[in-house]
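The values are calculated or read from the model by the stated rules, or taken from the named source; none is laboratory data. These figures come from a predicted structure and were not determined experimentally. Positions of Cβ are generated from backbone atoms using ideal geometry, with glycine treated the same way; all protein chains shown enter the neighbour counts. Only protein heavy atoms, including side chains, enter the accessible area calculation; ligands, DNA and RNA are left aside. Shrake-Rupley method; radii C 1.70, N 1.55, O 1.52, S 1.80 Å.
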Amino acid sequence: MLQPHPLVGRHVRLEPLTREHHGALCEVGLAEELWRWTPLQVGSAGDMLGYIETTLRAQDQELEMPFATVEAASGKVIGSTRFMNIEAKHRRLEIGSTWIAPDWQRSAINTEAEYLMLCHAFGPLACHRVEFKTDSLNQKSRDAILRIGAKEEGIFRNHMITASGRIRDTVWFSIIDSEWPRVKLELERKLVRADAQ
């Protein structure tokens, strides 16, 4: 059984998501730009509550493990991420539904959050494969996933219908266990460089 627990780094703390995070997530997470490329739109406190409730139900079924993303220095909740599409039998999962408030984007926080999750996935969870997906039009996200060290695998055409009714093509990426030592080392180098700045 998956047991949610905090993942803690120097810059970020990933806390198991609870309903108590609702207010803090609403403070930073209702900006339209955060949800531009996501299938689910979150534009109100009610939407955010639904977002939380949906992932907690999936967690009860051991399909997801959601986190609140917390800036370590201030203790401020600045976003959310999760393990999702968990396939324990095949030892694979996806890191996704990741968003960080604009003021903290392109900082060491996201790099360290991904590092902590990958360490957990390839360590205690003993995954063979970690997946990432994004809208084919979301070049910012595609670049960020490549920077983590994932490999682009291909595009699922007409994969889903977005909230606006647009038919979305989805790009798939992955890191597999044999690649993890190299990816881990490079992420650690990036974090050292970020600490030196």
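With respect to R92, is the statement that it is farther than 24 Å from P4 by Cβ and crowded, with 16+ Cβ neighbours inside 10 Å true? Taking the combined requirement at face value, the residue does not satisfy it. Put simply, of E62, E71, E33 the only residue that is at positive phi and touching a helix residue (DSSP H, G or I) at 6+ places or on another chain (Cβ under 8 Å) is E62.
Between E131, E112, the distinction of being within 14 Å of the chain's Cα centre (by Cα), buried (at least 17 other Cβ atoms within 10 Å of the Cβ) and closer than 18 Å to L7 by Cα belongs to E112 only.
Can you give me the number of residues within the range 157-187 that are open to solvent by less than 70 Å² (accessible area, probe 1.4 Å) and either part of a helix (DSSP H, G or I) or farther than 26 Å from R10 by Cα (or both)? Residues flagged as open to solvent by less than 70 Å² (accessible area, probe 1.4 Å) and either part of a helix (DSSP H, G or I) or farther than 26 Å from R10 by Cα (or both) within the range 157-187 amount to 16.
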